[in-house]
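Following: one structure in structure tokens, then a few remarks.
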Amino acid sequence: MSKTKEVQTTDKIGKIGVGAWIALIALIILFSGVMTELPKPWNAFDLNNLIGKFGTIGDAGIFQGKGGTGAREGFLFTLTLIPTVMLAVGIIEVVEEMGAMKAAAKLFNPILRPLLGIPGIVGIAFVASFTSSDIASFMTKQHYEAGDITDDERTIFVAYQYAGSAVILNTIGTQAPLLPIVLLPLGTLIVFLWVFKILGANLMRLIIKQKNRRAAAKAA
């Protein structure tokens, strides 16, 4: 968990054009899920709607089928993720060329630094993590390999993402059968889960800080 990479700071970003801010706003809307339930054509500004869904094959559902097990089931499940990742990566590459990541660093740094101790450049991944753990984890990997975040910051961010991953999508989707027996309203439940994600990430942040302090004292 040592800080082995030189990272970028908002001081080195430079001037950000209007196009970069427009691209950032569009990306936040696309990844946030706020347009999911809107009528056409506005719901086209939602990533999950753009990804679409597979057609059905008889009673088996999609090509993945039902009742699969082991490596073969895992392989077919992986194939279902490819369209999501491919589309997201393509969109990210386009908006990155327009300067959206630099704009994200400037916008999110005052929020994410005190909240999680991570730089604002991962702001898009932070937004994406509310609806897609796959895209958020891929973007986190890219940021680390590009030297945007340190190993410690990556660890803290992964701790945030892993607990209650894709909190909005999974709460509404995969956990929908449990919602009728939950005493809290849906919005309150999501906020409740998000707060504990923040607490978990800061617990990891504290552990890393203590570990680094002990390592520095031992080296002195």
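The values are calculated or read from the model by the stated rules, or taken from the named source; none is laboratory data. The model shown is predicted, which means the values in this text are computed figures rather than measured ones. We place every Cβ from the backbone using ideal geometry, glycine too, and count neighbours over all the protein chains shown.
Is there any pair with a first residue in the stretch 104-130 that is closer than 14 Å to I198 by Cα and hydroxyl-bearing (S, T, Y) and a second that is modelled with pLDDT under 95 and assigned to a helix (DSSP H, G or I) whose Cβ atoms are under 6 Å apart and which are 6 or more apart or on different chains, and what are they? Pairs found: S129/A136; S129/Q161. If a residue must be of a type outside the set (V, I, T) and part of a loop (DSSP other than H, G, I, E, B), how many such residues does the stretch 30-47 contain? Total satisfying the criteria: 8. Applying the selection to the stretch 143-165, what residues are among the polar types (S, T, N, Q) and free of Cβ contacts under 8 Å to residues at least 40 places away in the same chain? Within the stretch 143-165, Q161, S165 qualify.
Considering only the stretch 67-101, state which residues are part of a helix (DSSP H, G or I) and within 15 Å of V18 (Cα to Cα).
Selection gives V95, E96, E97, A100, M101.
Scanning the stretch 166-215 for residues that are among the small types (G, A, S), within 21 Å of F138 (Cβ to Cβ) and free of Cβ contacts under 8 Å to residues at least 40 places away in the same chain gives A166, G173.
Within the stretch 9-26, if we keep just the residues that are not in a loop (DSSP other than H, G, I, E, B) and not hydrophobic (A, V, I, L, M, F, W, C), the residue that is modelled with the highest pLDDT turns out to be G19. In the stretch 48-65, is there at least one residue being assigned to a helix (DSSP H, G or I), surrounded by fewer than 15 Cβ atoms within 10 Å (Cβ to Cβ) and of a type outside the set (V, I, T)? No, every residue in the stretch 48-65 fails to be assigned to a helix (DSSP H, G or I), surrounded by fewer than 15 Cβ atoms within 10 Å (Cβ to Cβ) and of a type outside the set (V, I, T).
Looking only at the stretch 82-101, count every residue that is surrounded by 13 or more Cβ atoms within 10 Å (Cβ to Cβ) and either of a type in the set (A, V, I, L, M) or farther than 20 Å from A44 by Cβ (or both) and tell me the total.
Within the stretch 82-101, residues that are surrounded by 13 or more Cβ atoms within 10 Å (Cβ to Cβ) and either of a type in the set (A, V, I, L, M) or farther than 20 Å from A44 by Cβ (or both) number 12.
Residues in the stretch 102-126 that are assigned to a helix (DSSP H, G or I) and among the small types (G, A, S) were compared, and the one that is surrounded by the most Cβ atoms within 10 Å (Cβ to Cβ) is A104.
Residue-by-condition table, conditions (1) in contact with a strand residue (DSSP E or B) (Cβ under 6 Å, 6 or more places away or on another chain); (2) farther than 27 Å from P114 by Cα; (3) among the aliphatic types (A, V, I, L, M); (4) surrounded by 10 or more Cβ atoms within 10 Å (Cβ to Cβ):
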{"residue": "G200", "(1), (2), (3), (4)": "no, no, no, yes"}
{"residue": "L203", "(1), (2), (3), (4)": "no, no, yes, yes"}
{"residue": "I207", "(1), (2), (3), (4)": "no, no, yes, yes"}
{"residue": "A220", "(1), (2), (3), (4)": "no, yes, yes, no"}
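Residues that are in contact (Cβ under 8 Å) with a residue 12 or more places away in the chain and either of a type in the set (G, A, S) or over 25 Å from P185 (Cβ atoms) (or both) within the stretch 131-141 comprise S132, S133, D134, I135, A136, S137, F138, M139, T140, listed in sequence order.
If you go through the stretch 133-182 and keep only what is over 23 Å from G117 (Cβ atoms) and at pLDDT 80 or above, you end up with just D134. Screening the candidates K209, K218 for the property of being among the charged types (D, E, K, R) and over 23 Å from A159 (Cβ atoms) yields one hit, K218.
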